[in-house]
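First comes the structure, then the notes that go with it.
The values are calculated or read from the model by the stated rules, or taken from the named source; none is laboratory data. Source: prediction; values computed, not measured. Here Cβ is always computed from backbone atoms with ideal geometry, including for glycine, and neighbour counts include all displayed protein chains.
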Amino acid sequence: MLVEMLLFRMFARTGIYLFNDDTPQWVYWAYTTAVWLGNTMFNFAAILVTLLFALMATYLWMRRDIFGRFLPAMAALIFTWNMALFLASPGPTAALLYLWLSAGIIAASVWVSWPGSSKGARAFLIVMAVSMIGVYYFEATASLRQLGIGFDDRGVAVFQIAEALAGIAILAAFLTWGRTRDLKLLAAPVMVGVLISGAYFSGPERLPLISTWALGVTMSMPFLLYAVGATLLGVTLLKLLTSGNPLAAYGMTLLYFSHRMLPLTYFNLLILGGFIIMTIAITTRSPERGSNGVEEATAA
């Protein structure tokens, strides 16, 4: 997925800036090779993510004493639905039902996680859930218009609000799991923020193109918020990884590095998988972590 994002979603759309009348032939060859590799990884990742979701659905079903029956059943259903998407394209009614099922999985993940979560974790989960449901609403408006249901949907405005909520969720995650004074954890994310800022000021027209095509982020808010958000997200992920909470870090990575504007592709499985992994990380308890799961391990 990472190779696909870098080569296919980012480089393929922005590599055209490399070319002019004097460009050597080997540059064209290198570009087409990189794009081919990214496209291959796109198809490979789609299969792997589908299998990963099947594995998570199986795990949820085997742990019904913790996760109940509703969430595993919905996870199994959306796995089956995604397998069908390999064979046929859904009509507007099927697309709407898929979006409703996706929203249901997110809501169920938050509900299952709620009893064992700290206030900070609850804030992150609920804000991120509302953000993604806003994205689903944005996608649903097109299907509704195909069915002849037209109204002043304000879909773009809702999507932009959802994007802002995802930023607020980053702040909630940082305050809950990411606060640190360790310079080793701060160095790399701060450097990323500086590089993003440098790229923006050297060519501001390129960053919206990259962010929209690669991550489904419109950059409708002031640029500084995105630079700070990327830095805080990086610090939080590194803190989770180094404090013995890799599952939470993996789940958050899927939530933020999936494509938010294309929920009828394998990207939606990444989003749903991110919520389920966060649910598993928060609700699964072990003797070493005690009853507070992720939060207690982070505090330690």
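Are any residues in segment 36-57 within 19 Å of SER102 (Cβ to Cβ) and either loosely packed, with under 15 Cβ neighbours inside 10 Å or without any contact (Cβ under 8 Å) to a residue 60 or more places away in the chain (or both), and if so, which ones?
Residues of segment 36-57 within 19 Å of SER102 (Cβ to Cβ): 45-46, 49-57.
Hits for segment 36-57 are LEU51, ALA54, LEU55, ALA57.
Across segment 115-161, what is the number of residues that are farther than 19 Å from LEU255 by Cβ and of a type in the set (A, V, I, L, M)? Of the residues in that region, 7 qualify.
Within segment 209-227, track down each residue that is over 18 Å from PHE11 (Cα atoms) and buried (at least 16 other Cβ atoms within 10 Å of the Cβ).
MET219, TYR226, ALA227
Within segment 191-208, the only residue that satisfies the criterion of being surrounded by 15 or more Cβ atoms within 10 Å (Cβ to Cβ), among the aliphatic types (A, V, I, L, M) and at pLDDT below 85 is LEU207. Across segment 83-117, the number of residues qualifying as over 23 Å from LEU48 (Cα atoms), modelled with pLDDT of 90 or more and touching a Ser or Thr at 6+ places or on another chain (Cβ under 7 Å) comes to 4.
Of all residues in segment 74-90, those satisfying the criterion of being touching a residue at least 12 places away in the same chain (Cβ under 8 Å) and among the small types (Gly, Ala, Ser) are ALA75, ALA76. The helices (runs of 4 or more DSSP H) found wholly in segment 1-101 and carrying at least 1 residues that are charged (D, E, K, R) occupy 64-67.
Condition first: modelled with pLDDT of 90 or more, basic (Lys, Arg) and more than 15 Å from the chain's Cα centre (by Cα). Can you find one or more residues in segment 232-243 that meet it? Scanning segment 232-243 turns up at least one residue that is modelled with pLDDT of 90 or more, basic (Lys, Arg) and more than 15 Å from the chain's Cα centre (by Cα). Would you confirm, using the coordinates I've provided, whether LEU247 is surrounded by fewer than 20 Cβ atoms within 10 Å (Cβ to Cβ), of a type in the set (A, V, I, L, M, F, W, C), under 16 Å from the mean Cα position of the chain (by Cα) and outside any helix (DSSP H, G or I)? So LEU247 fails the test.
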